[in-house]
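The values are calculated or read from the model by the stated rules, or taken from the named source; none is laboratory data. Owing to the predicted nature of the structure, the values given are computational and were not obtained by experimental measurement. No Cβ is skipped: glycine too gets one built from the backbone with ideal geometry, and neighbour counts run over all protein chains shown.
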Amino acid sequence: MTTTIRSYLYGSVLACSLGFPLAQVQADSYPAEELNYTVAFGPGGGNDLMSRTVVDILKTHELFNGQNIRVENRDGGSGAIGFNYVAQQRGNPYHATSTSGNFLGTPIVSNTGWTYRDFTPIGLLARDAMVLAVRSDSGYETLQAFVDAAAEKNMKIGGTGAAGPERVVAGLFAKAADIDFTYVPSQDEGGLVTSLTSSSIDAIVANPSEVIGQVSAGNFRLLGYSERERSTVFPDVPTFTEQGYDFEFSLPRGVVMPADIPVEVRDWWVETLKQVVDTPEWQEYLTTKGLSGNTIWGDEFGHYLEKTDADFRGVLTEIGVIK
C-alpha cells in the first residue's frame, strides 16, 4: 500500500474515531500529502503541455505548500484510461487531471463507464474555442456577408475530423443562421489550412492556433469566434453571439478532481488556481497557444461542462454519429 493511500485511509479511521466529519479533518490540514496529477494523454500534446504548465507554476510559486506534485501520463482510449483512473479515486483530494475535448467527447461515442459527472469541477482556466476563417480575398468582409452569400449557394465549410468540435461549431452556426452547407473533413490541421488556401472550400472552422500564422500574414480573415465573450488573443474578432447568431461552443482547458472531495478542498483549489492564471507564465502560455483566458470556477464550471456536453451530443445525434 502506498504512503498516500495508507495516510488517506488512516485519516478516514481517525476522523471516524474522533467523531469529526472526514471533510473537515482533511480540509484543516490540506494539503499535507503528495498530489497525483494525471495526464490522460501522451507526452507533448496539448493536454500534457497545459497540465505541466499548471504544475510548473504551482511549484515555481510554491502554491502547493511545499508538498510534492507527481505528474504521470496515462494515455490510451482517447483519454478514457487516464480519466477513468482519476474517476476511480472518488473522495480522494490528492488526485487531479486536466480536461480537454475528449473529456466530453470520448464518453459520448464510447462506453467508458464515466462521464464529466463523475468529477468535481474546479476551474476552467482557458477555452479552446473555434473561429470561422475565410480567405482574405474571398470578398466576405463580415459574417453577415458570408451568410448572405450562403443564401445563394451551398457553402463548403471544412474542419479537422468528421465528428469533432469543428463539426459541432459548423452545425451550430448553420442552424443559427438558417443556412445550408457541406462539411468537408480534413485529416489534420495542415490539410485543413491547405484546403482553404487552395480555395477548394469556402471557409474553415479551426482552432485559433491553427490559423494564427495565416491571419498574421494577411492570408485569412476571421469572421466569428465561438465563445460568448471575445477572445483575449483576438479581441477584434466579434463573437457569433454578438453578431446575432446565438450559440457558443468551446473546449474546456480546466482542472477537475474526483467526485465527493470536501467542499473546503475544492474551494482551496479554486483560490489557488486563480493565482496560477494571474502569473506571467500562464499568460504567455495562452498567447503562444492562441487560447482564450476567460475563466470560470466551481459550480459555474460544472454548468459549463453540462451545456457543452449537451451541445456536443445534440449535433452528433443530428448528423448520425450517435443515436
Out of E248, E227, E300, which single residue is surrounded by fewer than 17 Cβ atoms within 10 Å (Cβ to Cβ) and either of a type in the set (D, E, K, R) or over 30 Å from P93 (Cβ atoms) (or both)?
E300
Quick check: is even one residue across the stretch 214-221 in contact (Cβ under 8 Å) with a residue 24 or more places away in the chain and more than 21 Å from L192 (Cα to Cα)?
no
Just one of K175, K153 is out of contact with any Lys or Arg (no Cβ under 9 Å at 6 or more places or on another chain), of a type in the set (D, E, K, R) and touching a residue at least 12 places away in the same chain (Cβ under 8 Å); which is it?
K175
Count of residues meeting criterion [touching a Lys or Arg at 6+ places or on another chain (Cβ under 7 Å) and crowded, with 19+ Cβ neighbours inside 10 Å] in the stretch 267-297:
2
Given the conditions (1) more than 25 Å from A40 (Cβ to Cβ); (2) touching a residue at least 60 places away in the same chain (Cβ under 8 Å); (3) polar (S, T, N, Q), every one holds for T272 apart from (1)
Identity of the residue in the stretch 22-67, crowded, with 20+ Cβ neighbours inside 10 Å and at pLDDT below 95, that ends up farthest from R127 (Cα to Cα):
Q26
Any residue in the stretch 135-146 that is farther than 12 Å from S199 by Cα sitting within a Cβ distance under 8 Å of a residue that is of a type in the set (K, R)? List the pairs, counting only those 6 or more apart or interchain.
Y140/R221; E141/R221
Condition check: loosely packed, with under 15 Cβ neighbours inside 10 Å, modelled with pLDDT of 95 or more and closer than 23 Å to D311 by Cα. Does R70 satisfy that?
no
